[in-house]
Each structure stands twice: as structure tokens, then as C-alpha cells.
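Enquirer: Dropping the structure in here first, questions after.
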Amino acid sequence: MASGEEMEWELRRSLVRFGRMLYRLGFMPGTSGNLSVRLDEERILATPTGRSKFLLRSEDMVIVDLDGRQLAGTRKVTSEIGMHLAIYRLRPDADAVIHSHPPIATGFACSGRPLDEPLCSEAIMTLGVVPLAPYATTGTHGLVESLEPLIPHHSAILLANHGAVTCGNDLLDAFLKMETVEHFAHICLVAHQLGSVRLLEGHAIDQLHEARARYLAGAHQGGRMVRQMVAG
Ligand SMILES: [Zn+2]
């Protein structure tokens, strides 16, 4: 059984690994974007502000409490931490949060368009609808307020004129959702460029929603089993 300290360093290495993957995908250019994970009931481990996700090291991470007060780390906490904390507060099932600026999904967010068309069966199954939170200045409480009504019902949300945020039961889960958001946005863009979009209808959508409910129940069960195993 891993000690608390070993587990913390494993999570630090995971933040480095997924940060690099998101950077390579072009979702976190410059020093943009941030990732975080729950360390325990009261503490969040997060990437710091002002650091390229390609150059990030395990020791760069910061630890904050659920009110955003910095508890550890020599670097500064990101001004976007409020969005992460709102998700941890409203989604007890979420143990990881990723915020990034994937270019095509962000293009939709800059055009006032949620990803809500029933176009792709896989996207309906894995993401459901990806809503668009109204614009608010990054790093302000206004951004948290714009997200709050959506967080309980969605694990992937577009932020108007800004980017996207996803949560999951671990970093891999949040990463896969972010990757799928961008992939779905790309498909929507191409379908609209081709000019003859055919939306899924009635019965087909109902069946996908049923399949999604089964998928979510399975994922929830899986996550709980893993947590029970970790807790011993
Ligand atoms: Zn941002």
C-alpha cells in the first residue's frame, strides 16, 4: 500500500505527464491552462501559474485548501483556481479537473456555440451535451458564477470566449474528456463545412441516452471499486 507521500508524488508526476500531453496536443500553448487533483478531503494539488506545461516539474506544483489558500509550494497559485474549486465543491465524484484552450472547441466558444447538436453517437455516449457558460473575466468570481449552474450536470463545459473545462474521477478521465471535446468540435466543424449536416433523431437519441446512463453507472461503479481498493 502506497504511503500518503508516495501517492502525492505519483499525483505530481501525473500532473507533469498529462500537462505535457495537453501541451503537445496544442491545448495549452504558452503558459495557458491548468490541471489539478484532489489530494484528500481538504487539499487540492495543482499546476502553478506562469509555467509552460512542457517544462513543468513535479516539484513545481502547489497545494491549496478548498477556499484557495496556498498551503504548500514555492510557485504561485493560478488565478483560475476558483473554477477548479467550484467543481470540487459541487461534484464530490470529481477527483481531477483540467482547464485548457483547445483551438477548435474554443472557436465554438468564441462563436457563442455550445457543442449540443446530436451529430455523433460516440460524443452523445461519452459527453452528452457540452454546454456554453456565459462570458466572464478569467480569474474572477463571475467566471465561477457562470459555471455553477452547469457543473452538477456536465463533466465538460465550454467557457465563452475563453476555452473549456472538464472533470473526471481521475486525471486520465478528465484528459480523455478534454480530448473528446476537441475531437467532437472538429467533427462538428467539418460537418458544417460540408454543408449537409444530418442530425440524429428521436429514437436513436433516446437509445444513446439509455446507453450513456448505463455507461455512467458502470464508470461510477468502477471508480468506487478502485477507491475501495486504494482505501484498503
Ligand atoms: Zn483559461
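The values are calculated or read from the model by the stated rules, or taken from the named source; none is laboratory data. Just so we're clear, the structure is a prediction, and the values are computed from it rather than from any experiment. Cβ coordinates were reconstructed from backbone atoms using ideal geometry, including for glycine residues, and neighbour counts include every protein chain displayed.
Enquirer: If we keep just the residues of the range 177-207 that are crowded, with 19+ Cβ neighbours inside 10 Å and of a type in the set (A, V, I, L, M), which is nearest to GLY33 (Cα to Cα)?
Expert: Restricting to residues being crowded, with 19+ Cβ neighbours inside 10 Å and of a type in the set (A, V, I, L, M), the top hit is MET178.
Enquirer: How many residues are crowded, with 23+ Cβ neighbours inside 10 Å and either on the phi > 0 side of the Ramachandran plot or away from the ligand (no atom under 16 Å from the Cβ) (or both) if we restrict to the range 164-176?
Expert: 2
Enquirer: Return the only residue of ILE63, ILE87 being out of contact with any Asp or Glu (no Cβ under 7 Å at 6 or more places or on another chain), closer than 19 Å to ASP170 by Cβ and touching a residue at least 60 places away in the same chain (Cβ under 8 Å).
Expert: Details: ILE63 fails: touching a residue at least 60 places away in the same chain (Cβ under 8 Å).
After applying the criteria, what remains is ILE87.
Enquirer: Now a separate question. Among the candidates GLU10, GLU117, GLU59, which residue alone is of a type in the set (D, E, K, R) and under 25 Å from HIS153 (Cα atoms)? Before you say what the answer is, go through the steps one by one.
Expert: On the way: GLU10 fails: under 25 Å from HIS153 (Cα atoms); GLU59 fails: under 25 Å from HIS153 (Cα atoms).
Only one candidate passes the filter, namely GLU117.
Enquirer: Still on this model: If you scan the range 123-139, which residues turn out to be in contact with a helix residue (DSSP H, G or I) (Cβ under 8 Å, 6 or more places away or on another chain) and at negative phi? Please lay out each step first, then the result.
Expert: Filtering the range 123-139 down to residues in contact with a helix residue (DSSP H, G or I) (Cβ under 8 Å, 6 or more places away or on another chain) leaves 123-128, 130, 132-137, 139.
Matches in the range 123-139: ALA123, ILE124, MET125, THR126, LEU127, VAL130, LEU132, ALA133, PRO134, TYR135, ALA136, THR137.
Enquirer: Another question, if that's okay. Pull up the range 29-60, narrow it to residues that are in a helix (DSSP H, G or I) and in contact with a helix residue (DSSP H, G or I) (Cβ under 8 Å, 6 or more places away or on another chain), then point me to the one that is surrounded by the fewest Cβ atoms within 10 Å (Cβ to Cβ).
Expert: Just the residues of the range 29-60 that are in a helix (DSSP H, G or I), to begin with: 58-60.
Remaining after also requiring in contact with a helix residue (DSSP H, G or I) (Cβ under 8 Å, 6 or more places away or on another chain): 58-59.
Values: SER58: 15, GLU59: 11.
Here the residue is GLU59.
Enquirer: Next question, about the same structure. Out of everything in the range 106-126 that is hydroxyl-bearing (Ser, Thr, Tyr) and within 20 Å of the chain's Cα centre (by Cα), what residue ends up being farthest from LEU216 (Cα to Cα)? Steps first, please.
Expert: At the first step, the residues of the range 106-126 found to be hydroxyl-bearing (Ser, Thr, Tyr) are 106, 111, 121, 126.
From what's left, within 20 Å of the chain's Cα centre (by Cα): 106, 126.
Details: THR106: 26, THR126: 8 Å.
Residue satisfying both the conditions and the ranking: THR106.
Enquirer: Something else: Quick check on LEU208: is it over 22 Å from ASP67 (Cα atoms), more than 15 Å from the chain's Cα centre (by Cα) and without any contact (Cβ under 8 Å) to a residue 24 or more places away in the chain? Let's see the steps before the verdict.
Expert: Numbers: over 22 Å from ASP67 (Cα atoms): yes; more than 15 Å from the chain's Cα centre (by Cα): yes; without any contact (Cβ under 8 Å) to a residue 24 or more places away in the chain: no.
Answer is no for this residue.
Enquirer: Considering (1) polar (S, T, N, Q); (2) touching a strand residue (DSSP E or B) at 6+ places or on another chain (Cβ under 7 Å); (3) within 16 Å of the ligand (Cβ to nearest atom), say which one SER155 fails and leave the rest.
Expert: (3)
Enquirer: Now, a different point. ARG69 - would you say it is modelled with pLDDT of 95 or more and either within 16 Å of the ligand (Cβ to nearest atom) or more than 28 Å from PHE184 (Cα to Cα) (or both)?
Expert: Details: modelled with pLDDT of 95 or more: yes; either within 16 Å of the ligand (Cβ to nearest atom) or more than 28 Å from PHE184 (Cα to Cα) (or both): yes.
It is true that ARG69 is modelled with pLDDT of 95 or more and either within 16 Å of the ligand (Cβ to nearest atom) or more than 28 Å from PHE184 (Cα to Cα) (or both).
Enquirer: Identify the single condition in (1) loosely packed, with under 15 Cβ neighbours inside 10 Å; (2) more than 15 Å from the ligand (Cβ to nearest atom); (3) small (Gly, Ala, Ser) that GLY26 does not satisfy, given that it satisfies every other one.
Expert: GLY26 satisfies all of (1) loosely packed, with under 15 Cβ neighbours inside 10 Å; (2) more than 15 Å from the ligand (Cβ to nearest atom); (3) small (Gly, Ala, Ser) except (2).
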